[in-house]
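Comments concern the structure below.
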Amino acid sequence: TDHVSFEITVQKKIISFYVAVPASMTHYITEQINAQFPDAQIEETDGYNLFLRKGTVMAAHLKLIKPNAYPIKTYKKAETDPLSAITNPLSQIEEGDAAVIQLTVRSAHKKWRGAGVAMAKQATRGGGFDKKSGLAGLGSEFAKAALGGGGSQQQQGMPQQPKQLTQMEQELVRGIEEKASKAGMDVNIRIVVSASDELKSKRYLDNIANAFSQYNLYQYGNAFAAEIPSKQKNIIRDFIYRSFNERRSFVLNTEEMASIFHFPLSITETPG
């Protein structure tokens, strides 16, 4: 029940950061922000109205293309602050238009780690990773061969030779183990834009969604993909009420979450 919504908005060329919390958590969240950002100025507000009187609204979900256990690229492996790549497309939105990136989160149940830990163990024991699915030891022909299942060596009574993991596979195992070692959060990520016409709305939406490609770990890691629902009513309603959508959720750990949302740093150079 500890739902919190982290939001980055742009209206009239001004980028703002909001945290929407249950009343019972207001004091706790305020303390946490002040502890990490001593110079932060926190102002309680009733919210904002993103929608134009005349215009087009368009929204999209972000999702992970692989299971939750697979990590995304975090700030530890980035050369610059990832926040800048997120806020830059917001700074390009014209003064009369608006947009928001909304991350609705809650604590994840501890069982989310189980799949990742099992995959890492299976891979290190010789299961390897399926070249097509990227998953470890799921009964594919690749994994069966790596485990010696049905091979001539097993038939001849020779000991099985576990497949030696490649350097990239070893890196993936470490990434899976690292992700599972930190606290996890169930996350919905929504992008909502409001513009004077449909073409601009689509362009804004694509530019913001494309900024999330910086977190992609291709081939063996995870990656984001944007999905624009054909029926926009539900996602707009979820955005307005900051609802948590079970069907659209995935798990990020604290390091991954901090790579996507944090307050501006001294090195953040985005105007506005």
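The values are calculated or read from the model by the stated rules, or taken from the named source; none is laboratory data. The structure presented is a predicted model; accordingly, all values stated were derived computationally and were not measured. Every residue, glycine as well, gets a Cβ built from its backbone with ideal geometry; the counts of neighbours run over all protein chains shown. Quick note on the areas: whole protein, heavy atoms, side chains included, nothing else; ligands and nucleic acids left out. Shrake-Rupley method; radii C 1.70, N 1.55, O 1.52, S 1.80 Å.
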Of those in segment 54-90 that are closer than 21 Å to Val192 by Cβ and within 12 Å of the chain's Cα centre (by Cα), the residue surrounded by the most Cβ atoms within 10 Å (Cβ to Cβ) is Leu62
How many residues are of a type outside the set (D, E, K, R) and open to solvent by 20 Å² or more (accessible area, probe 1.4 Å) when one looks only at segment 240-252? 6
Has segment 221-232 got at least one residue that is touching a Gly at 6+ places or on another chain (Cβ under 7 Å) and not β-branched (Val, Ile, Thr)? yes
Does Gln214 meet the test of being within 24 Å of Pro67 (Cα to Cα) and either touching a strand residue (DSSP E or B) at 6+ places or on another chain (Cβ under 7 Å) or loosely packed, with under 15 Cβ neighbours inside 10 Å (or both)? no
By residue number, the members of segment 217-230 that are under 21 Å from Met257 (Cβ atoms) and surrounded by 15 or more Cβ atoms within 10 Å (Cβ to Cβ) are Leu217, Gly221, Asn222, Ala223, Phe224, Ala226
Of all residues in segment 148-184 being among the hydrophobic types (A, V, I, L, M, F, W, C) and modelled with pLDDT of 60 or more, which is nearest to Arg113 (Cα to Cα)? Ala180
Between Ile8, Ile29, Ile14, which is within 22 Å of the chain's Cα centre (by Cα) and in contact (Cβ under 8 Å) with a residue 40 or more places away in the chain? Ile8
Verdict on Glu31 being charged (D, E, K, R), loosely packed, with under 14 Cβ neighbours inside 10 Å, out of contact with any Asp or Glu (no Cβ under 6 Å at 6 or more places or on another chain) and at pLDDT below 95: no
Options Ile72, Ile101, Ile86, Ile65; residue that is farther than 27 Å from Lys233 by Cα and among the hydrophobic types (A, V, I, L, M, F, W, C): Ile72
Are any residues in segment 1-54 assigned to a helix (DSSP H, G or I) and either in contact with a helix residue (DSSP H, G or I) (Cβ under 9 Å, 6 or more places away or on another chain) or closer than 23 Å to Thr270 by Cα (or both), and if so, which ones? Ile33, Asn34, Gln36
Count of residues meeting criterion [part of a helix (DSSP H, G or I) and either among the polar types (S, T, N, Q) or in contact with a helix residue (DSSP H, G or I) (Cβ under 7 Å, 6 or more places away or on another chain) (or both)] in segment 177-194: 3
Any idea which of Arg190, Arg237, Arg203 is open to solvent by 60 Å² or more (accessible area, probe 1.4 Å) and closer than 20 Å to Leu103 by Cβ? Arg237
